[in-house]
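The values are calculated or read from the model by the stated rules, or taken from the named source; none is laboratory data. As the structure is a computational prediction, the values presented were derived from the model and not from experiment. Note: ideal-geometry Cβ built from the backbone for every residue, glycine included; neighbour counts use all protein chains shown.
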Amino acid sequence: MTKKRIAAIRDFIDTAEKSLKNAKKLLWEVLKDENIDLSANLDLDTKGLSKYESGESKIIEWVFTGEEMLWVDNNSYLVPVNYASKSKLVQWDRMKLTIEGSGKMLYKQIKQIERETKIGLLTQDKWKYQVVSDGVPYDVLTAAVTHFKCEIGDSVSILVPAGKEATFGAIEAVIPSE
């Protein structure tokens, strides 16, 4: 019985992820059709990003959103969470994805946005982790919480874009308690 329930939950999650992806795509199509530019409000600068080939490899440049990569076509693609956590990627960092002829994918950070460090408390809101600093909640990746062995209520330092409103932070370290 448990295996069936787990399979059902996995199916619900897969369906929800597909629905979100389709909803995002539809939203961008409507915005484009109506000539509405939300990228200015999101402050995600995708100008200057390129896509090219080198030998058998395809190379695509992206902007990191906190969870995903955003390309100039406003489509978003997942970044391996372990890579994002260990590399301490911050919103608006520029990245490069190399897709080799064999299908192997290599991710690389090519330009960091200016960062600032904040200290806050790790909390959990439903299924997502957040660090609250100066009354502002920043989402953090579950993989980062696991990687740094954080616990709810820990004091942690996070990296956020300097001088910009951000919704995500990258965990830098757990602050030892006294």
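Quick notes on this structure:
- Residues that are of a type outside the set (Val, Ile, Thr) and in a loop (DSSP other than H, G, I, E, B) were ranked within the stretch 74-90; the one that is surrounded by the most Cβ atoms within 10 Å (Cβ to Cβ) is Leu89.
- Qualifying position, being in contact with a strand residue (DSSP E or B) (Cβ under 8 Å, 6 or more places away or on another chain) and closer than 18 Å to His147 by Cβ, among Tyr77, Tyr52, Tyr107: Tyr107
- Listing of strands (runs of 3 or more DSSP E) fully contained in the stretch 91-178 that carry 1 or more residues being of a type in the set (Gly, Ala, Ser) and surrounded by 14 or more Cβ atoms within 10 Å (Cβ to Cβ): 115-125, 128-133, 155-161, 170-174
- The residues of the stretch 61-88 that are β-branched (Val, Ile, Thr) and modelled with pLDDT under 85 amount to a single one, Val72.
- The single condition from (1) more than 26 Å from Ala143 (Cα to Cα); (2) at pLDDT 90 or above that Ala40 fails is (2).
- Condition met for Ile113 (aliphatic (A, V, I, L, M), under 21 Å from Ser157 (Cβ atoms) and free of Cβ contacts under 8 Å to residues at least 60 places away in the same chain): yes
- Filter pass, Ala143 being in contact with a Ser or Thr (Cβ under 6 Å, 6 or more places away or on another chain) and in contact (Cβ under 8 Å) with a residue 40 or more places away in the chain: yes
This table checks each residue for (1) within 26 Å of Gly163 (Cα to Cα); (2) in contact (Cβ under 8 Å) with a residue 12 or more places away in the chain; (3) over 9 Å from the mean Cα position of the chain (by Cα).
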{"residue": "Lys58", "(1), (2), (3)": "no, yes, yes"}
{"residue": "Glu61", "(1), (2), (3)": "yes, yes, yes"}
{"residue": "Gly66", "(1), (2), (3)": "yes, yes, no"}
{"residue": "Met69", "(1), (2), (3)": "yes, yes, no"}
{"residue": "Asn75", "(1), (2), (3)": "yes, yes, yes"}
{"residue": "Leu78", "(1), (2), (3)": "yes, no, no"}
{"residue": "Ser85", "(1), (2), (3)": "yes, yes, yes"}
{"residue": "Val90", "(1), (2), (3)": "yes, yes, no"}
{"residue": "Lys96", "(1), (2), (3)": "yes, yes, yes"}
